[in-house]
Amino acid sequence: MISAAVAAAAVGFVPVTAQAAGPSADPGRAATATSPAPAAGSAKDATAKDAGAESARVKDLAAKQAKAKADATAGSAASARSAQQGEYFDVFMGAVNSNAHSVGLATSASTDFTNSFVAYDIDWGDGTVDREYGMAGNNVYVDHRYAEVGTHRITITATDTYHKVSATTTEDIVLNGSEFTPHTPTRLLDTRDGTGTGTSAGRPLAPYTTTRVKIAGNGGIPAGVTAVALNITATNTSAGGHVIAYASGTKQPATSNVNFVAGQTVPNLAIVPVGEDGYVELANRSEGTVDLIADVTGYFARSAASGYTSVKPSRLVDTRAGLGAAAGQVAGRTTFGVQVAGQGGLPAAGVTAVALNITATGPKGSGHLTAFPSGQQAPSTSSVNFTAGQTVANAVIVPVGPDGKINIRNGAWDPADVIVDVTGYYSADGKAAYLPMEPERRYDSRTSHFPLAGQDYHYETMWTSGRALEAVVLNLTVTNTQGSGHLAVAPDPSSLDDRIAGKAVRPTPPDSSVLNWTKGATVSNLVQASTGTSGVVDIWNRGWEPTDLIVDIFGTYEKN
């Protein structure tokens with residue numbers, strides 16, 4: 001059963017007059033049906049609605065019931081039917097998508113039978129049928145969790161248990177959860193040459209302005225996508241600042257995706273909600289001009305595709321040690337393959353895309369790395385950008401080739417070492433669907449906390465409201481760094497209840513890294529962080545000096 005607060009968010013009630021219940025049914029009344037718009041946001045959003053929402057929904061249902069009764073009475077008088085023939089029996093349904101895999105319903109019957117006790121048979125459209133009971137005129141609240149996202153046809157048959165009169169209503173419900181479809185790395189925007197801007201000439205983005213990126217219907221991406229995986233690169237930066245990526249038609253959030261200083265070229269992966277018009281917005285939040293590049297590697301839609309599975313972060317490649325590749329720096333303008341399937345906790349088959357953190361270190365010159373599926377030509381996109389001597393990491397989502405491999409190309413003229421850490425993968429049998437949310441700043445040590453001390457960690461508790469989370473999508477930023485170091489992220493073995501009870505134990509930091517920095521730098525990176533069994537995520541400062549930490553959240557992966 002769902003709570004009254006969640007059911008109060010139900011979208012409309014659909015009445016249907018009994019059609020096959022003998023003389024008490026009025027054949028002149030046609031069934032009506034509407035498809036409710038799926039409610040946006042998480043279960044937390046639904047339950048946080050005004051206390052008056054429940055009352056408003058109940059009043060709305062009562063008004064519809066009264067109208068149905070008046071219509072039936074008027075119809076029977078006009079046709080001079082008997083009192084028995086004037087009796088009516090209607091069923092109503094309202095639905096709200098609370099989580100990625102589940103739907104909540106409020107249902108009620110309306111009748112002029114006295115003390116009508118009703119049985120509701122609810123066919124969820126996936127082979128499951130539930131029965132609930134209630135008095136006519138009272139709302140009955142139920143919910144159901146599906147194994148797969150997408151569209152499900154729900155049919156409710158209400159039966160007066162004494163008079164044996166029935167009415168049925170049917171609705172198609174689209175769940176809020178989205179699954180991932182890999183996409184060959186493709187450039188959708190490049191303000192340097194006008195790609196994706198609608199102009200034939202390039203022009204940098206002016207200070208404190210935005211540019212729109214067409215997603216749906218662009219580059220083979222279908223309509224109706226809910227979110228997109230974009231590698232966003234800021235280059236030719238003339239002042240320090242940051243880029244914000246967000247859904248077109250929504251309020252610009254107080255979060256950040258890419259941070260930069262003057263003269264810097266910085267990439268960062270972003271999983272961005274797509275607006276109803278099929279666009280995303282990129283905002284230049286700096287006092288100078290900046291060129292922006294956006295490369296797509298996949299998209300999310302409310303249909304069955306590839307679900308997400310977290311793995312314990314592990315290292316697949318380190319050319320410094322000859323792990324997963326030949327020992328020694330990767331020569332400029334060369335490509336090497338990486339076996340992904342069957343490595344680092346991934347299955348040997350069925351992997352469609354992989355979530356990686358790729359680090360370039362010790363490069364002898366400036367350039368970029370490009371990750372792409374095996375069996376394809378290297379695309380004209382970039383995954384990691386670097387300058388001579390720099391250590392820089394970037395999260396990437398890479399489609400996997402049919403042989404279970406990906407390729408990494410050093411696009412620079414000079415050699416560089418490459419490190420690859422895996423954090424998760426997508427597959428047809430993956431159980432977690434993505435639920436985008438309004439970007440939110442969860443933590444900022446600059447405003448209300450002390451900097452994160454060296455070799456210490458900050459933990460974030462993820463609110464679940466009974467949902468089974470697989471991972472959360474975070475953008476982590478370090479700034480005001482007082483030395484060199486790197487961040488590491490892992491689920492905490494202790495739950496929030498353990499902490500409240502004083503039973504928490506100090507966790508062991510992981511061996512992997514998600515971003516690297518030097519003294520005085522501001523660096524960001526996207527992290528698809530596993531929530532483990534505790535629902536708590538640890539963020540470790542693996543440097544020896546303090547740093548300020550900023551945590552922004554963009555969505556969750558929810559298991560079925």
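The values are calculated or read from the model by the stated rules, or taken from the named source; none is laboratory data. Note that the coordinates shown come from a computational prediction; the quantities given were computed from them, not determined experimentally. As a convention, Cβ positions derive from the backbone with ideal geometry for all residues, glycine included, and neighbour counts pool all protein chains shown. Surface areas here come from the heavy atoms of the whole protein model, side chains and all, with no ligands, DNA or RNA. Shrake-Rupley method; radii C 1.70, N 1.55, O 1.52, S 1.80 Å.
The table below lists the values:
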quantity: Elements of type strands (runs of 3 or more DSSP E) in the range 118-171, at least 3 residues being open to solvent by 60 Å² or more (accessible area, probe 1.4 Å) and in contact (Cβ under 8 Å) with a residue 12 or more places away in the chain; calculated: 129-135
quantity: Among residues of the range 505-520, those that are open to solvent by 20 Å² or more (accessible area, probe 1.4 Å), touching a residue at least 12 places away in the same chain (Cβ under 8 Å) and at negative phi, counted; calculated: 7
quantity: Any hit, the range 535-542, residues being among the small types (G, A, S) and either surrounded by fewer than 20 Cβ atoms within 10 Å (Cβ to Cβ) or at negative phi (or both); calculated: no
quantity: Condition check for E545: part of a strand (DSSP E or B) and either touching a Lys or Arg at 6+ places or on another chain (Cβ under 6 Å) or at pLDDT 95 or above (or both); calculated: no
quantity: The lone exception for Y557 - which of (1) free of Cβ contacts under 8 Å to residues at least 40 places away in the same chain; (2) farther than 24 Å from V392 by Cα; (3) among the aromatic types (F, W, Y) it fails; calculated: (1)
quantity: Exclusive hit being surrounded by 18 or more Cβ atoms within 10 Å (Cβ to Cβ) and assigned to a loop (DSSP other than H, G, I, E, B), set T233, T250, T211, T197; calculated: T197
quantity: Residue list for the range 427-460, restricted to those being under 18 Å from the mean Cα position of the chain (by Cα), within 17 Å of G532 (Cβ to Cβ) and open to solvent by 20 Å² or more (accessible area, probe 1.4 Å); calculated: K431
quantity: Residue selected from the range 303-326 under the condition closer than 16 Å to I408 by Cβ, in a loop (DSSP other than H, G, I, E, B) and in contact with an Asp or Glu (Cβ under 9 Å, 6 or more places away or on another chain), by the criterion most open to solvent (accessible area, probe 1.4 Å); calculated: R320
quantity: Residue check, T359 β-branched (V, I, T) and part of a loop (DSSP other than H, G, I, E, B); calculated: no
quantity: Residue count for the range 259-287, restricted to those that are over 27 Å from the mean Cα position of the chain (by Cα) and open to solvent by 10 Å² or more (accessible area, probe 1.4 Å); calculated: 6
